Amino acid sequence: MYKLASIVLIIFNLLLTHYCVAQTACGQSQYMDHLKQTQPETYYHFIENYKRLSTEFRLKKKGTITDTIYRIPVFFNILSRNNRTVNFTKLDTMLAVLNRGFNRGDDTSIVREPFADNIANVRIEFYRALLDINGDTIKRLRAKNSFYYYEADDKMKYDDIGLSAYHPEKYLNIWVCNLTKLWGYATPPVYAAHWPESYYKPLHLQGIVLDFTTIVTEYSNNFEERRKTIIHEAGHYLGLRHTWGDGHLVIAGDSSECWRDDGIKDTPYTITPSRKCDDSKNTCIEKEGPDYPDQYENYMDYTNQTCAVMFTNEQKDLMLYNLTNLRSTIYDTAYRYTEIPEEYSPHYQTEIKAYPNPVKEDLHLEFSNIYLNRTVGLEIYSTQGKSVYHEVIVANFRKVISLNSLSAGVYYLEISADNNLIFRRKIVVLGP
């Protein structure tokens with residue numbers, strides 16, 4: 001009897017420990033548990049709709065798009081406690097981490113051979129919103145003092161104890177606040193494949209929630225372990241599930257639970273999240289085809305974040321499908337070309353001048369009267385399509401752009417106004 005009680009106690013402690021640790025990394029499971037308590041039909045929706053939604057996505061999904069960058073403006077809502085401060089520089093640093101993840105910027109040399117040929121470049125860029133909904137320059141953060149420690153229950157998204165979303169149809173809203181026992185969580189798109197209907201939230205609750213410790217070094221003793229949380233949560237926001245399909249209370253080794261999949265064909269079946277970069281971890285034996293180990297390199301796992309460096313190509317396809325179909329009002333596009341015509345629009349070319357060309361240090365722009373006091377976007381790309389300069393300005397007669405930091409080579413200048421491309425010019429930089 002004593003042995004039986006001890007075994008039961010050990011199993012209970014293992015489950016409890018696993019549950020608590022899981023909440024620390026990502027609040028998606030806690031968010032699901034909250035919904036399960038308030039909407040008991042959640043579990044049954046999942047069982048009923050899972051295969052149907054998976055099939056629907058594969059029938060509808062579009063092919064990989066290689067010539068377009070999707071750009072998503074981000075609006076931050078800061079709920080500060082105990083004088084914790086965040087500024088634009090810290091937020092831009094966090095977005096740089098996010099953009100490396102979505103544009104294959106992390107060191108993928110650690111990816112093991114079975115997965116090395118399937119590392120996706122998602123080609124989504126996130127940028128801090130510079131203009132508000134009226135087109136005026138955003139000069140200060142939207143912030144509020146708050147003494148709450150929030151749960152994964154969306155209370156931070158209401159003005160009484162938090163901040164309501166700012167035009168979520170146009171901006172990805174990110175709440176930065178103090179969370180209890182978790183690093184972040186996010187809401188998937190409404191009607192996203194692989195998610196039960198009970199997880200679909202109204203527009204004013206859509207977005208990402210992050211704990212302070214995931215974005216500011218001085219507020220965390222293990223910031224390096226948490227800094228990629230934003231990549232993981234952005235994956236949820238665009239419709240990805242955890243690689244193990246959220247069977248988060250399953251005892252490791254129970255192969256009957258291998259059906260708890262993420263709905264993505266090119267991620268291996270997995271029962272439980274990875275906690276470290278363990279080459280030997282293989283929780284599901286594949287019944288058909290190659291038997292791959294658990295993919296701890298994936299951003300949608302819980303791995304130590306030095307090892308989380310990739311999305312797969314089908315994860316990319318699903319995120320782009322969800323973005324262009326289910327979040328179609330929130331992004332704009334920038335097309336990349338290896339060869340761009342010297343003249344884009346003869347009419348507008350006479351209204352804007354860019355010189356000297358070739359240029360060594362400073363590029364001078366001149367705007368005619370029709371653009372004075374109008375908001376215009378300036379962007380410079382390399383021939384590989386990488387953005388090396390981006391700024392939104394209110395046009396004056398002249399604007400000087402310093403190019404001292406650019407290596408010698410060919411670049412492309414694009415100027416836009418009112419969401420229309422009005423000027424494109426090839427620029428030869430002579431280098432420092």
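Please compute the length gained on full extension between residue 160 and residue 145, using 0.36 nm multiplied by the number of residues separating them and subtracting their Cα-Cα distance.
On the way: separation 15, 0.36 × 15 = 5.40 nm, distance 1.17 nm.
In short, 4.2 nm is gained.
Kindly put 425, 140 in sequence by how many other C-beta atoms sit within 10 Å of each C-beta, fewest to most. All intermediate terms of the calculation are to be shown ahead of the outcome.
Working: 425 21, 140 7.
Starting with the residue having the fewest Cβ neighbours, the order is 140, 425.
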Using modelled backbone amide H atoms (1.01 Å from N, in-plane), which distant-in-sequence or interchain residues come within less than 5 Å of residue 228's amide H? none
Estimated D of segment 117-249 in µm² per second, where Rh is the Kirkwood radius over Cα pairs and Stokes-Einstein applies at 10 °C, 1.306 mPa s: 97
Would you mind ranking 240, 406, 326 by Cβ crowding within 10 Å, fewest neighbours first? 326, 406, 240
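At 37 °C and 0.692 mPa s, what whole-number value in µm²/s does Stokes-Einstein give for the translational diffusion of segment 122-195, with Rh from the Kirkwood sum over Cα pairs? Write down the numbers at each step before the final one.
Values: Rh = 14.6 Å.
Reported coefficient: 225 µm²/s.
Holding the Cα-Cα limit at 29 Å, pick out from 155/228; 201/386; 155/281; 144/386 the pairs that are longer than that. List each step's numbers first, then the result.
On the way: 155/228 24 Å; 201/386 35 Å; 155/281 37 Å; 144/386 36 Å.
Going by Cα-Cα distance, 201/386; 155/281; 144/386 fall outside the 29 Å limit.
Throughout, read-outs are computed from the coordinates displayed, never taken from laboratory work. Given the structure is predicted, the values throughout are model-derived calculations rather than measurements. Heads up, the Cβs are rebuilt from the backbone with ideal geometry, glycines too, and the neighbour counts pull from every protein chain shown.
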